[in-house]
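Single-structure report; data block below.
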Amino acid sequence: MSYKKLDDPKVSVELDEELGIQMESYRGEKLHFAGFVFLSFASFCILPIICYWRPEYYCWIACIRTSNADAEIILVKEKDYSLCRVQQEQIRYIEYKNKRFVYSDSYKYFKRTDAILKDLTPEHIHSLATGKSAEASKKELLLNGKNRIHIKDTPIMQMILEKCIHPFYIFQMASVIIWFIEGYATYSSLILFMSITSILWEVWTAKDNENKLRKLTEHSAQYNALRDGCIQIVNSEDLVIGDVLFLETKDMESQIPCDLILIHGECLTDESSLTGETVPILKTPLPPVGDAVNVDKDKNHILFGGSNILQLKPKKYNNSDCVMAVVMSTGFYTSKGKLFDTILNPHEIDFKFNRDASKFMSVLGVVAIVAFLNRAINSFIEGMNAFDALIASVDLITIAVPPALPLILTVGIGISVQRLAKLRIFCIDPARLNFAGRLDIMCWDKTGTLTVSSLSFIGVDRQPTFGTLESGVDFRTVSDDYVLEKFMLVCHGVTKQNGSYLGHSLDIEMFTKTGWNIKEIEHETVQLGNDTFPLVIELGNNSVSNSSVYILKRFGFDTHLQRSSVISYHSAMVLHTKGSPEAIRAICIPESIPDTYDQLVSQYSIEGYYVIACAAKRISLESTQFRSLKRDDLEHGLHFCGFLLFQNPLKEQTYDTFTALKEADIRPVIITGDNALTAIHVARQLDLCKHAMLIDATGNSVYYHKVPSERTVKSGDIHSYTTVKQDVNFIPNVMEEYPLMEFCMTGKALKTLLANKEDDLLAKLIPKVRIFSRTKPDQKTWIVECLIEKNFYVGMCGDGTNDCGALKAAHVGLALSSAEASIVAPFTSADKKIEDIVELVKEGRCALETSFMAFKYMTLYPIIQLMMAATLNQIGGGLSNNEFLFDDMCIVTILALLSLYTTPNDNLSSTKPTDNLLHPHVVSSILGQIALCILFFAINLTSLVNQPWFCSIKTATSYLNNSYLPVNASLGPKNYPCYP
């Protein structure tokens, strides 16, 4: 957190450089406030309305600048100004965008308080196990606020008032008053009714969304917290960072109240509603030593707020069984809170339709002003009194703005969202639906999204017969610690609950193939020789004598390290490690790596196999060393043992979904953490690439080479893979020479190019890459954001934790999650069907096209009506009350509302709806309709004038005064020349 005090000797101005906000201090002053009140009355309450939307004007007029110590109001400047009133509750603070800033006497400014434990080492975290004092907890609660994700319950009347003082509705109210004065009682009453209906509809929609969000955040439960050296019952809202909780079975009935770091015992959690992860996650205690705790790196030790506990596995602590956790963050600083913060305070995503709509309304305003001036001048020439002339002229301006436009646009989106809900596609951000109609690129996670969630075991390729795929394996004996069967038996994160196995699909598939089982254990330790070791699980096989295998410690799969490890014991203590071929090779003894290692990895990957490399070494540890074990101290110098091979077939719907997207001119892009060649195999199955070029890196050097086809590999020419590696700077030339070539980039190559600041090259590459492989979660987010910066409309579909950032960053994020209330993305497929993206695009296009149609129709009619009214006024005529009524109701509003129920097309075409209201097609359509109306109006008017019985208003009133009475009564019938 970085603060900077701007130079100003009289007042306090602070800059929070991390958030990019500036804070200015003000306090009320009687004379200034009296001036504000006077100006408010003098402006007929226009000034307060302006100040509501532009709070800086209120501060500048009604307040005076002051120091932070005396401040009553803080004016926060980010992109726009916001007014925050200083609150006094033993401390002085303000709250801005769910963050609390507390005034510090020592710093003399309002300092942000972060309700999160940051940059703490495991040693420090474990030292908190003694708990907090009640006094320290009270102070912490005062500084950081309640542990809750507070969604403000805005009063209905306040919401209605905010809508009523919106410039559009203020204009509508002024129009209604003018129409009442002119005698259009029925018409003005109808417009008033429509405006009220529109306001109530918008308020109801906003309130409904607010209530839905609040329902997702409401949480109140009692927890056992260690305070003042004893266990106390504490409400979840009163928990503070550093609190120590003892989790019990009753805590499984509600969601975890905040982010917790597990320090003792184990938990099995369900994070589906929070991250979309469909597989239960085993959480293990934080090691007592290591680097500073990091949410991404240590997520296997963190219980995330908003997830659910499925199973507790207590361990002995001070002569009792318990599961202990330390509160890491509370409120909006939890992972769940941050997700809601992005919903409540989203980054503004520019949509051309909105910008063009403002321009279009400005054009209408200019046309209306021209008509107003023309009418005012003619009224003056005709000798009308000032009031009548003003009313008649302003009347033309009121015609220019369609009163039902907000209602039509709001209802249109709502109808599409309701249709999606019937398909079990749920939406928490309806504004994003229009983006779905303009998608250019659709990004996909691979495993579990394009492919089925489970993997099928195919066989092994082992030492010393390396290069031979064996489909038959023998699990009857595991006496050899280096056989691949032993890895399948022990190297996994599978647990057992109520007779069922839980864990990652690969681990479950691997373990169940062994035929062994997880025993029910009554003890947390096991006696091995003369020492007693902690016991995680015990494995057994009733058909094998002396079959007990003990798992003493697990190091879960780390996305950054791309590997997992276990310490097991059968006849000796052994470290078994499995992971990606690249990660395992890096920690193995070079002499144990076969010469054909890389070639075989490439061969198996190109053929579509999921390759898991395995390595092991015997170790000798004492039980006292287990508590301080670090995986980095163990995972080196291993002996490579071979590969486990799996298949991960495509879902049945994947091919048809991609075919539909390609026909709709939406470019599919795969972003996966898997091997590049495996991803290329999937892309070839989906007809995404016939010829592929792989961009990879070694050290600080980035290179590219052509990927051979599966036919080439199956012919036995493995060496064709080792084609000449070219410098990546030649890629632009390859793009020009081979326009049909598809590119695959690894996460390592991306990281190297970013580190080397190859911005120009990346700008050319990123939009052309079809497959991003071995990408980390933050790289997925960066890729999506980069594509958006290139002015593409980008979608993302994923099913797990690693996709959360990308799902939020995309214009359209679709999470495959069984939880209807998932907040990981704007859209959720509750049936976890990838073909739902096709339905989403259909509805998006329908909603966008409907919005365009409604906008064109609702703006076209006031233009035509304005020209017609102006022309009739020019010749002394005008529309009656009933004509206005028929025009607005029958011709406009009813037809526009009915058109909103238009359903999407059954198939997607390559033609997308435009997002440009000023597009030649749109403008020509509007101008064409205006031209037709002018033509037919001119024909009718000309035909009327040329009738023998026609008598103009000018002729009819030539002998009458402004009250339509004869100027000279003695002329008799001659005063009425049209009635001989």
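The values are calculated or read from the model by the stated rules, or taken from the named source; none is laboratory data. A quick note: this is a predicted structure, and the numbers were derived from the prediction, not measured. For neighbour counting, all protein chains shown are included, and Cβ atoms are generated from backbone atoms with ideal geometry for every residue, glycine included. The area values use the complete protein model at the heavy-atom level, side chains included, leaving out ligands, DNA and RNA. Shrake-Rupley method; radii C 1.70, N 1.55, O 1.52, S 1.80 Å.
Computed quantities for the displayed model
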{"quantity": "Mean shadow area of region 583-639 over all directions, Cα convex hull, nm²", "calculated": "4.8 nm²"}
{"quantity": "Kirkwood-Stokes translational diffusion coefficient of region 57-179, alpha-carbon pairs, 37 °C, 0.692 mPa s, µm²/s", "calculated": "177 µm²/s"}
{"quantity": "Of all accessible heavy-atom area on the chain, the percent that carbon and sulfur account for (1.4 Å)", "calculated": "56 percent"}
{"quantity": "Cα-based helix-to-principal-axis angle, 676-685 vs the chain, degrees rounded to 10", "calculated": "60 degrees"}
{"quantity": "Within region 839-980: Cβ-based charge dipole about Cα centre, in debye rounded to nearest 20 (Lys, Arg +1; Asp, Glu -1)", "calculated": "540 debye"}
{"quantity": "Values of log10 I(q)/I(0), in the order q = 0.21 Å⁻¹, for region 904-980 under a Debye, Cα-only, solvent-free model", "calculated": "-0.97"}
{"quantity": "Prolate/oblate/rounded call for region 767-846, Cα gyration tensor, a/c under 1.5 rounded", "calculated": "oblate"}
{"quantity": "Table column - 3J(HN,Hα) (Hz), region 894-910, Karplus curve with 6.51, -1.76, 1.60, x for Gly and Pro", "calculated": "5, 5, 5, 5, 5, 5, 5, 8, 5, 8, x, 5, 5, 10, 8, 10, 6"}
{"quantity": "Size of charge dipole - the chain - debye, nearest 20, with Cβ of Lys, Arg +1 and Asp, Glu -1, no other charges", "calculated": "1020 debye"}
{"quantity": "Long-range amide H partners of His636 with built H, under 5 Å", "calculated": "none"}
{"quantity": "Space enclosed by the convex hull of the alpha-carbon atoms of region 734-791, per residue, Å³", "calculated": "85 Å³"}
{"quantity": "C-alpha long axis of helix 405-422 to longest principal axis of the chain, angle in °", "calculated": "30 degrees"}
{"quantity": "Sparse-neighbourhood loop sites, chymotrypsin sites (Phe, Trp or Tyr not before Pro) in region 99-131 - DSSP loop, at most 13 other Cβ within 10 angstrom", "calculated": "Tyr107"}
{"quantity": "Solvent exposure, largest accessible area first (probe 1.4 Å, DNA, RNA and ligands not counted), of Phe852, Phe380", "calculated": "Phe380, Phe852"}
{"quantity": "Whole-number accessible area per residue in Å² for the chain, which is evaluated in the context of all protein chains at 1.4 Å", "calculated": "46 Å²"}
{"quantity": "Contact order normalised by residue count of the chain, Cα under 8 Å, 6+ apart, percent", "calculated": "11 percent"}
{"quantity": "Hz values of 3J(HN,Hα) by residue in region 251-257 - Karplus curve (6.51, -1.76, 1.60), Gly and Pro given as x", "calculated": "6, 6, 7, 9, 5, 4, x"}
{"quantity": "Residue-level accessible surface for Asp888, protein heavy atoms, 1.4 Å, Å²", "calculated": "0 Å²"}
{"quantity": "In degrees, nearest ten, helix 836-874 long axis to first principal axis of the chain (Cα)", "calculated": "10 degrees"}
{"quantity": "Coordinate range along principal axes, alpha carbons of the chain, Å, largest first", "calculated": "135, 73, 52"}
{"quantity": "Overall Cα dimensions of region 503-613 - principal axes, largest extent first, Å", "calculated": "46, 28, 27"}
{"quantity": "GluC sites (Glu not before Pro) within region 558-623, DSSP loop, no more than 13 other Cβ atoms inside 10 Å", "calculated": "Glu622"}
{"quantity": "Ordering of 659-672, 197-210 by burial proxy (mean other Cβ atoms within 10 Å per residue, highest first)", "calculated": "659-672, 197-210"}
{"quantity": "Simple Cβ-charge dipole of region 125-220, Lys/Arg +1 and Asp/Glu -1, about Cα centre, in debye nearest 20", "calculated": "560 debye"}
{"quantity": "Region 550-647: trypsin sites (Lys or Arg not before Pro) falling in loop per DSSP and having at most 13 other Cβ within 10 Å", "calculated": "Arg627"}
